[in-house]
Amino acid sequence: MAVSLFDPIKLGAIEAPNRIIMAPLTRGRAAAGFVPTELAVEYYRQRASAGLIISEATGISQEGLGWPSAPGLWTDAQVEGWKPVTDAVHKAGGRIVAQLWHMGRLVHSVFNDGKLPVSASATQGEGRAHTPVGRRDLEVARPLELAEIPRLIADYAKSAENAKRAGFDGVQLHGANGYLIDQFLRDNSNLRDDDYGGPVENRVRLLREVTEALIGVWGADRVSVRLSPNGNSQGVDDSNPEPLFTAAAAALDALGIGFLELREPGPDGTFGNTDVPKQSPAIRKVFKGPLILNSDYDVAEAETALASGVADAIAFGRPFIGNPDLVERIKSGAAWAADNPQTWYSPGAQGYTDYPALVDA
């Protein structure tokens with residue numbers, strides 16, 4: 001029997017009414033102290049018809065957050081800022097999980113009183129950092145010492161506890177897109193020779209240990225992970241991705257997480273592209289739980305991925321920016337409104353909460 005985007009799905013303990021997932025989208029609208037605002041309440045409420053909302057990437061600590069006006073989950077004020085967001089989503093009939101984020105070497109020292117960023121090894125990210133004082137060249141990171149890793153894992157656990165206090169339905173570990181977990185996974189950024197470097201099983205260790213800590217807070221069925229297993233992502237890459245990411249997926253499968261999400265750009269991606277083959281077919285063989293795929297899907301491609309069995313649901317990112325009612329538009333066959341990249345990260349409601357729903361357009 002063919003599977004539709006509008007069939008319900010159980011994502012661990014979360015019962016989603018459809019398979020149209022809202023992917024995490026950094027929007028840069030938090031107030032001072034990385035606290036969500038009333039604008040975020042309306043933004044997420046508008047998009048509550050998604051089968052599940054994965055929140056924008058949310059910092060677990062000041063050390064790990066290097067994006068101006070992104071939200072956090074390490075202070076009481078941040079928790080209080082998130083509470084009306086989750087409440088609004090629930091009242092609108094939706095579900096939302098918090099994506100937990102440590103940016104690693106992509107955090108500029110201006111965010112941390114001049115302290116260098118941390119990473120798996122003394123490496124430098126590609127490009128320039130967005131900072132409150134303009135674009136700055138990224139710096140060579142300081143390798144995390146073995147003795148620091150328990151503290152890092154505790155930071156993740158504390159943010160997971162704060163997500164529970166804030167009313168989320170679960171958490172997702174951001175292990176993708178060249179951020180800290182990804183920096184430990186892949187061999188061009190992990191040059192360590194200790195228990196967290198070298199062989200694949202060592203490079204997967206931090207991913208597994210952090211996931212175990214999140215499970216200790218939430219239970220496995222309310223924890224998920226995002227990976228980006230194919231191609232360069234913000235300077236992070238691997239020379240042999242299939243054995244690495246199948247090992248990572250197998251470790252997560254053994255932990256029984258609620259679902260795994262993969263961001264897999266293709267050669268013609270609109271936001272990142274690569275000729276490295278997608279790893280989802282190999283990962284599908286070792287990860288038996290729900291698998292969500294993301295990156296540049298249209299409706300026909302999404303339905304094909306579901307019908308083939310390689311995906312159980314599809315996460316749409318940019319389409320949810322310009323289409324708060326994307327689910328209704330897909331159901332009715334209506335055209336998708338274009339989003340404006342100039343307002344992705346700008347302050348205020350423009351390009352954030354002012355995209356009209358189809359009935360208002």
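The values are calculated or read from the model by the stated rules, or taken from the named source; none is laboratory data. Note that this is a predicted model, so its numbers are computed, not measured. Cβ atoms come from the backbone with ideal geometry, glycine included; neighbour counts cover every protein chain shown.
Quick one: how many residues across the stretch 256-293 are β-branched (Val, Ile, Thr), surrounded by fewer than 19 Cβ atoms within 10 Å (Cβ to Cβ) and assigned to a helix (DSSP H, G or I)?
Looking only at that region, the number is 1.
What number of residues within the stretch 170-209 are under 15 Å from the mean Cα position of the chain (by Cα) and among the acidic types (Asp, Glu)?
Result for the stretch 170-209: 1.
I'm trying to understand the selection: among the residues of the stretch 318-361, which are in contact (Cβ under 8 Å) with a residue 60 or more places away in the chain, charged (D, E, K, R) and crowded, with 17+ Cβ neighbours inside 10 Å?
Selection gives Arg318, Asp325.
Can you tell me which residue is nearest to the chain's Cα centre (by Cα) among those in the stretch 46-72 that are over 22 Å from Ser346 (Cβ atoms) and surrounded by fewer than 24 Cβ atoms within 10 Å (Cβ to Cβ)?
Among those that are over 22 Å from Ser346 (Cβ atoms) and surrounded by fewer than 24 Cβ atoms within 10 Å (Cβ to Cβ), it is Ser61.
So is Gly81 more than 19 Å from Leu106 (Cβ to Cβ) and either touching a His at 6+ places or on another chain (Cβ under 7 Å) or crowded, with 19+ Cβ neighbours inside 10 Å (or both) or not?
For Gly81, the condition - more than 19 Å from Leu106 (Cβ to Cβ) and either touching a His at 6+ places or on another chain (Cβ under 7 Å) or crowded, with 19+ Cβ neighbours inside 10 Å (or both) - is met.
Mind listing whichever residues of the stretch 93-145 are acidic (Asp, Glu) and either in contact with a Pro (Cβ under 8 Å, 6 or more places away or on another chain) or in a strand (DSSP E or B) (or both)?
Asp137, Glu139
Identify the residue in the stretch 166-182 that is of a type outside the set (A, V, I, L, M, F, W, C) and assigned to a loop (DSSP other than H, G, I, E, B) and, among all such residues, is surrounded by the fewest Cβ atoms within 10 Å (Cβ to Cβ).
So, considering only residues that are of a type outside the set (A, V, I, L, M, F, W, C) and assigned to a loop (DSSP other than H, G, I, E, B), the one surrounded by the fewest Cβ atoms within 10 Å (Cβ to Cβ) is Gly167.
Taking Ser49 as the residue in question, decide whether it is more than 15 Å from Ala163 (Cβ to Cβ), small (Gly, Ala, Ser), in a loop (DSSP other than H, G, I, E, B) and touching an Asp or Glu at 6+ places or on another chain (Cβ under 7 Å).
When the stated conditions are applied, Ser49 passes them.
Can you tell me which residues in the stretch 183-207 are surrounded by fewer than 16 Cβ atoms within 10 Å (Cβ to Cβ) and not small (Gly, Ala, Ser)?
If the condition is that a residue be surrounded by fewer than 16 Cβ atoms within 10 Å (Cβ to Cβ) and not small (Gly, Ala, Ser), then Asn188, Leu191, Asp193, Asp194, Asp195, Pro199, Glu201 are the ones that fit.
Filter the stretch 40-51 for residues that are out of contact with any Ser or Thr (no Cβ under 6 Å at 6 or more places or on another chain) and in contact (Cβ under 8 Å) with a residue 60 or more places away in the chain; which is farthest from Leu293 (Cα to Cα)?
Of everything passing the filter in the stretch 40-51, Gln46 is farthest from Leu293 (Cα to Cα).
Give just the number: which of (1) closer than 26 Å to Asp237 by Cα; (2) among the small types (Gly, Ala, Ser); (3) modelled with pLDDT under 95 does Gly134 not satisfy?
For Gly134, the failing item is (1).
Mind checking whether some residue in the stretch 303-313 is exposed (fewer than 14 other Cβ atoms within 10 Å of the Cβ), more than 23 Å from Ala92 (Cβ to Cβ) and touching a helix residue (DSSP H, G or I) at 6+ places or on another chain (Cβ under 8 Å)?
Yes: the stretch 303-313 contains one or more residues that are exposed (fewer than 14 other Cβ atoms within 10 Å of the Cβ), more than 23 Å from Ala92 (Cβ to Cβ) and touching a helix residue (DSSP H, G or I) at 6+ places or on another chain (Cβ under 8 Å).
Looking for whichever is under 21 Å from Pro36 (Cα atoms), assigned to a helix (DSSP H, G or I) and of a type outside the set (Phe, Trp, Tyr) here; the options are Ile330, Ile321. Which one fits?
Ile321
Quickly run through the stretch 257-307 and pick out the residues that are in contact with a Pro (Cβ under 8 Å, 6 or more places away or on another chain), modelled with pLDDT of 95 or more and aliphatic (A, V, I, L, M).
Leu260, Leu262, Ile283
Give the number of residues within the stretch 52-78 that are assigned to a loop (DSSP other than H, G, I, E, B) and of a type in the set (A, V, I, L, M, F, W, C).
Total meeting the criteria: 6.
Six or more apart or on different chains, Cβ under 6 Å: which pairs go from a residue in the stretch 157-183 that's under 12 Å from Arg222 (Cβ atoms) to one that's polar (S, T, N, Q) and part of a strand (DSSP E or B)? Could you list them?
Correct list of pairs: Gln172/Gln99; Gln172/Ser224.
Filter the stretch 6-40 for residues that are buried (at least 18 other Cβ atoms within 10 Å of the Cβ) and over 20 Å from Trp67 (Cβ atoms) and give the result.
Scanning the stretch 6-40 gives Ile9, Leu11, Gly12, Ile14, Ala16, Asn18, Arg19, Ile20, Ile21.
Residues checked against (1) more than 22 Å from Glu161 (Cβ to Cβ); (2) crowded, with 22+ Cβ neighbours inside 10 Å; (3) of a type in the set (S, T, N, Q); (4) more than 18 Å from the chain's Cα centre (by Cα):
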{"position": "Thr211", "(1), (2), (3), (4)": "no, yes, yes, no"}
{"position": "Leu214", "(1), (2), (3), (4)": "no, yes, no, no"}
{"position": "Ser228", "(1), (2), (3), (4)": "yes, yes, yes, no"}
{"position": "Ala254", "(1), (2), (3), (4)": "yes, no, no, yes"}
{"position": "Ser295", "(1), (2), (3), (4)": "yes, yes, yes, no"}
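Check whether at least one residue in the stretch 319-338 is under 30 Å from Ala141 (Cβ atoms), at pLDDT 95 or above and not small (Gly, Ala, Ser), and report yes or no.
No, the conditions are met nowhere in the stretch 319-338.
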